[in-house]
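Q: Sharing a structure, written as structure tokens. Questions coming.
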């Protein structure tokens, strides 16, 4: 490192991965700067995981109030009101608190925070405004951004970013998409009393999840009153007084107060100048890296959503740990993408880890499938018509549990523990020998004895 270089590492993007890489690298003695043009914490903290989960909690209160009578509580309906601006304001206050925590973590680690939009001038120079900085290494951690399809009336559509700052809730809303974000926001809106229609171009939403999980989730979501429409898409949207006319591919139309497009995200690489420097991009626009996150330009690396790996905050955090060791530590370590647990915070929740039944069969495994469906104990007194599904995918020859999948209350919380067992290579016999915690829904995972397939 020559003396005229300002930093050992400049990270473009202060999302979860960028912040973790900055802190770990600084703790290893590197001189580190982070460039951020919007907000500390990236998508997850500001317009993603955190505010979304807070909205999910808020939406679920309605179910809890309805269930209360079965437990002896009398809550007159006429006395129950919901104030959307209060939820938004309290969410905003929490996000501001987290932004402050991120800033202090970086400052306490000795990381320089540079506010502004970055571009890469050459393999060792980053420009921010009219200032340039020299560095040994550059890491692109700019994340992803919502994509809204090019249709007539595109300007009428909102992305998930804007949904977190709506001034008021509409009476009716249309959500367009079939992934995590679409399904979760449909549940949030419906839970807060909005008549909600979910549109998806395919036969069934949540492509890539276990087939049983997808079909069971469809069944449960319909019970929430959400109008699910598959094999249909939006052709155009037209303003209609204070509402919108949504023209669908099947020839029908909807009148609604809000149209949200949750139709995918793209890598946020605009203006960085990567291709001009020789950094390769995939056909989908993601940055091409090797197993150690290095691009075709040796001094430039990338991690997180921008490289097209699973768009999950813990994945970016793990990548940052690996890259920091590669750059400034012992140079050892690799990223393991197997058995990554994830959750969809629809209502009820989905939790999943490991292989789906379809993936396991395609990989050539001979399987035993264990499946249990029941009404959670919480709803026995309230009478709520909501059921839970649990499923284990087991290799018949080795008895190894290849996948665990759940739809039901607290599915994400339960699946996190199962992920440890599956990562450790637990067998079905070890699941069976584990004592359950009674009475819980989670104990069903260690009491399923008879395979269904």
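What follows is calculated from the coordinates using simple rules that are stated; it is not laboratory data. Every value quoted in this text rests on a predicted model; they were computed, and no experiment measured them. With ideal geometry, Cβ positions are generated from the backbone for all residues, glycine too; neighbour counts draw on all protein chains shown.
Q: Per DSSP helix of 4 or more residues, -39500 (n - 2.57); summed, then divided by the residues of the chain. What does that give at 222 nm, rounded to the nearest 500?
A: -9500 deg cm²/dmol
Q: Here's another thing I want to ask about it. Per the Cauchy relation, a quarter of the hull surface: what is the mean projected area of the convex hull of the alpha carbons in the range 390-450, in nm²?
A: For the range 390-450, the mean projected area of the Cα convex hull comes to 4.0 nm².
Q: What translational diffusion coefficient, in µm²/s and rounded to a whole number, does the Stokes-Einstein relation yield for the range 251-375 at 37 °C and a viscosity of 0.692 mPa s, taking the hydrodynamic radius as the Kirkwood radius over Cα pairs?
A: It comes out at roughly 179 µm²/s.
Q: Measure out, as a whole number of angstrom, how far apart the alpha-carbon centroids of the range 117-191 and the range 1-50 sit.
A: So the two Cα centres are separated by 19 Å.
Q: Answer rounded, prolate or oblate for the range 1-45, using the Cα gyration tensor with square roots of eigenvalues a ≥ b ≥ c: rounded when a/c is under 1.5, else prolate when a/b is larger than b/c, else oblate.
A: Cα axes put the range 1-45 in the oblate bin.
Q: Rounded to the nearest 10 degrees, what's the angle between the helix 211-223 long axis and the longest principal axis of the chain, both from Cα atoms, 0 to 90?
A: Around 60 degrees separate the two axes.
Q: What do you get for the angle between helix 16-27 and the principal long axis of the chain? Use alpha-carbon atoms, 0 to 90 degrees, nearest ten.
A: 50 degrees
Q: Let me ask something else. Which semi-axes, in whole Å and largest first, does the equivalent ellipsoid of the range 191-261 have when worked out from the alpha carbon gyration tensor as the square roots of 5 times its eigenvalues?
A: Square roots of five times the eigenvalues give 25, 15, 9 Å.
Q: Here's another thing I want to ask about it. How large is the Rg to Rh ratio of the chain when both quantities use alpha carbon positions and Rh follows Kirkwood?
A: With Rg and the Kirkwood Rh in hand, the quotient comes to 0.99.
Q: If you rank 372, 249, 441, 433 by fewest surrounding Cβ atoms within 10 Å, what's the result?
A: 433, 249, 372, 441
Q: Take the range 125-273, compute every pairwise Cα distance, and split them into 10 Å bins from 0; I just need the percent in each bin.
A: P(r) over the range 125-273, rounded to whole percents: 10, 36, 28, 13, 9, 3.
Q: Tell me, in nm to one decimal, what length is gained between residue 337 and residue 207 on full extension, where the rule is 0.36 nm per residue of separation less the Cα-Cα distance?
A: Additional length available on full extension: 44.9 nm.
Q: If you restrict to DSSP beta bridges whose two residues both lie in the chain, what percentage is antiparallel, to the nearest 5?
A: If I count the DSSP bridges inside the chain, around 60 percent turn out antiparallel.
Q: Right, here's the next one. Going by alpha carbons, how many degrees (0 to 90, nearest 10) lie between the helix axis of 84-108 and the longest principal axis of the chain?
A: Relative to the chain, helix 84-108 is tipped by roughly 30 degrees.
Q: Right, another one. Quick one, what does Rg over Rh come out to for the range 342-446 if you take C-alpha atoms and the Kirkwood Rh?
A: 0.98
Q: Let me ask something else about it. Within a 10 angstrom radius of the beta carbon, how do 165, 71 rank from fewest other beta carbons to most?
A: 71, 165
Q: Right, here's the next one. Subtract the Cα-Cα distance of residue 232 and residue 429 from 0.36 nm times their separation in residues, and report this length gain in nm to one decimal.
A: Between residue 232 and residue 429, full extension yields an extra 66.4 nm.
Q: For the range 86-177, place one equal point scatterer on every Cα, skip the solvent, and apply the Debye formula. What is log10 of I(q)/I(0) at q = 0.15, 0.20, 0.21 Å⁻¹?
A: So the normalised log intensities work out to -0.93, -1.10, -1.13.
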